[in-house]
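K.L.:
Got a structure for you, written out below as structure tokens; questions coming shortly.
The values are calculated or read from the model by the stated rules, or taken from the named source; none is laboratory data. Every value quoted in this text rests on a predicted model; they were computed, and no experiment measured them. Cβ placement follows ideal geometry from the backbone for every residue including glycine, while neighbour counts extend to all protein chains displayed.
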Amino acid sequence: MKYWRQDIECIDREELVKLQSRRLSEMVKRIYHNVPFYKNLFDQKGINPNDIKDISQLNELPFTTKKDLRDNYPFGLFAVPQSEVVRLHASSGTTGKPTVVGCTKNDLEMWSEVVARSLTMAGITNRDIMQVAYGYGLFTGGLGIHYGVEKVGASVIPISTGNTKKQLQLMMDFGSTAIACTPSYLAYLAESIEENGVKDKIKLKRAVCGAEPWSEELRRHIQEILGIKAFNIYGLSEVIGPGVAMECECQNGSHIHEDHFVPEIINPETGDVLPYGEVGELVFTTLTKEAMPLLRYRTRDLCTLNIEKCECGRTLVRMGTILGRSDDMLIIRGVNVFPSQVESVLMDIYETTPNYVLTVDRKNNLDTLEIKVEIADKFWTTEIREIENLKKRIAQSVQSTLGISAVIKLAEPHTLSRSEGKAVRVIDNRKK
Ligand code: DLL
């Protein structure tokens, strides 16, 4: 069994615009009448919801931000009575209150459908056994993927995060053919599989990775070690969770489920909508969500959109790799750097592993960047000259690719901590 919605995924774009327009017009009225926050916003700006009839009018409407969610904590943006809310999730957030999201029964149905479609894009069918190694709980990763796997009809192993030994044991014993987890955790699992010499005992073929930025180089590394295909899945709890967008077999951008989520790319400074192909902040409007519909939600994720028809036949717009969140961007001596760019450089140097930490500091009024990266077992040496040469090579590569100088520190194999969920790659001492 597959979950293939050709009518939607290969839809004629004019038909899509009609569908989106109908849904937007209905959604705008719904939020105006049910969410005081939106009513006030529309009234202040003199917008009459009855005038919104076409998706091309989207850019006349106001944005919603994470601050709006926090200000209305916990349930202020809900558009249905609590009796209709059947699930609550929350994102922890590093500062302040968590952001809370709710789902009605129909929301859960829509969510499992978009995840099922997503898994189908990655070639997962009812013949697969899928290990879900995302956290189950308030985080949307575990439960979100779980119901999509069941909808596709594959066998789900709800193992959740952590306990790498058990992950490997069940992977071998149950013959998992697919896994869902963060790319950094999959890199760790791949390392453990190699070290334990059990590669020939695993049947893994496909991985569904997301929840954090990852470079093309890391993908290649994982695919080569494990001999599998690793696909990108994107999502955020405010919009629904995993399954907002997904890569197909072509692995060339992630298709957004545009019948439910309308993307825009804006200039983060001015809020102006940018043309396809330009890098900017991704903004989503949810068309069908009932419990907590969001109008032009600013994700703070930076990427591009590609409207060209994909070789797979799908017409749904594709988003490019997330470069990073605007708030994760490091400005080092005036140069903008995303941790994922540093990852790309490191992964191109074959002696290094995907385990690294960036420490940013300010000394004598100057920003400093230290890159600590772990060396692969087989390349570890105590030979001072070799160590110095490797450090020099990494520093030169960082300088020529990113335009910044960095102090390189090499860590012995297995000394940096591994992540089981979203990896923490940056320590910015300037913020203390
Ligand atoms: O991370 C939902 C998710 C779970 C997505 C499992 C994929 C797989 P949040 O915790 O709300 O939700 O974090 C959302 O994570 O705004 C991005 O910054 C980042 N993110 C999510 N997927 C990707 C991805 C889940 N594929 C935030 N690539 C988003 C890069 C991603 N960043």
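K.L.:
Within segment 5-27, is even one residue within 23 Å of G148 (Cα to Cα) and exposed (fewer than 13 other Cβ atoms within 10 Å of the Cβ)?
P.N.:
Checked segment 5-27: at least one residue is within 23 Å of G148 (Cα to Cα) and exposed (fewer than 13 other Cβ atoms within 10 Å of the Cβ).
K.L.:
Check segment 168-175 and report whether any residue there is in contact (Cβ under 8 Å) with a residue 40 or more places away in the chain, surrounded by 24 or more Cβ atoms within 10 Å (Cβ to Cβ) and more than 14 Å from the ligand (Cβ to nearest atom).
P.N.:
Yes - at least one qualifying residue is present in segment 168-175.
K.L.:
Which fully enclosed helices (runs of 4 or more DSSP H) of segment 1-80 have 1 or more residues being within 30 Å of I129 (Cα to Cα)?
P.N.:
Details: elements: 6-9, 13-34, 36-44, 66-71.
The helices (runs of 4 or more DSSP H) meeting that bar are 6-9.
K.L.:
Going through segment 294-315 one residue at a time, which ones are within 16 Å of the ligand (Cβ to nearest atom) and part of a loop (DSSP other than H, G, I, E, B)?
P.N.:
Passing the criteria: L294, R296, T304.
K.L.:
Only residues in segment 177-191 that are in a loop (DSSP other than H, G, I, E, B) count as the first member; pair them with residues that are away from the ligand (no atom under 12 Å from the Cβ), Cβ under 6 angstrom, at least 6 apart or cross-chain, and list the lot.
P.N.:
T177/D128; T177/I129; T177/K203; T177/K205
K.L.:
Considering A133, A122, A154, which residue is away from the ligand (no atom under 16 Å from the Cβ), in contact with a strand residue (DSSP E or B) (Cβ under 7 Å, 6 or more places away or on another chain), farther than 18 Å from T286 by Cβ and in the same structural domain as C310 (by TED's automatic domain parsing)? Walk me through it before giving the result.
P.N.:
Values: A133 fails: away from the ligand (no atom under 16 Å from the Cβ); A122 fails: away from the ligand (no atom under 16 Å from the Cβ).
Residue meeting the stated conditions: A154.
Residues are listed down the side, and each one gets a yes or a no for (1) assigned to a strand (DSSP E or B); (2) aromatic (F, W, Y):
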{"residue": "I222", "(1), (2)": "no, no"}
{"residue": "F231", "(1), (2)": "yes, yes"}
{"residue": "G235", "(1), (2)": "yes, no"}
{"residue": "P242", "(1), (2)": "yes, no"}
{"residue": "C250", "(1), (2)": "no, no"}
{"residue": "T285", "(1), (2)": "yes, no"}
{"residue": "K289", "(1), (2)": "no, no"}
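K.L.:
On the basis of being among the aliphatic types (A, V, I, L, M), assigned to a loop (DSSP other than H, G, I, E, B) and in contact with a Lys or Arg (Cβ under 8 Å, 6 or more places away or on another chain), does L410 make the cut? Write out each step before concluding.
P.N.:
Details: among the aliphatic types (A, V, I, L, M): yes; assigned to a loop (DSSP other than H, G, I, E, B): no; in contact with a Lys or Arg (Cβ under 8 Å, 6 or more places away or on another chain): yes.
Considered against the rule, which asks whether it is among the aliphatic types (A, V, I, L, M), assigned to a loop (DSSP other than H, G, I, E, B) and in contact with a Lys or Arg (Cβ under 8 Å, 6 or more places away or on another chain), L410 comes out as no.
K.L.:
Please verify whether T64 is buried (at least 21 other Cβ atoms within 10 Å of the Cβ), over 16 Å from L236 (Cα atoms), among the β-branched types (V, I, T) and touching a residue at least 12 places away in the same chain (Cβ under 8 Å), treating the condition exactly as stated. Before the answer, list the steps.
P.N.:
Details: buried (at least 21 other Cβ atoms within 10 Å of the Cβ): yes; over 16 Å from L236 (Cα atoms): no; among the β-branched types (V, I, T): yes; touching a residue at least 12 places away in the same chain (Cβ under 8 Å): yes.
Here the answer is no, as T64 does not meet what is asked.
K.L.:
So which pairs qualify, if the first residue must be in segment 322-350 and among the basic types (K, R), the second must be part of a loop (DSSP other than H, G, I, E, B) and away from the ligand (no atom under 11 Å from the Cβ), the Cβ gap must be under 9 Å, and the two must be at least 6 apart or on different chains?
P.N.:
Once the first residue is among the basic types (K, R) and sits in segment 322-350, its partners that are part of a loop (DSSP other than H, G, I, E, B) and away from the ligand (no atom under 11 Å from the Cβ) give R333/I404; R333/S405.
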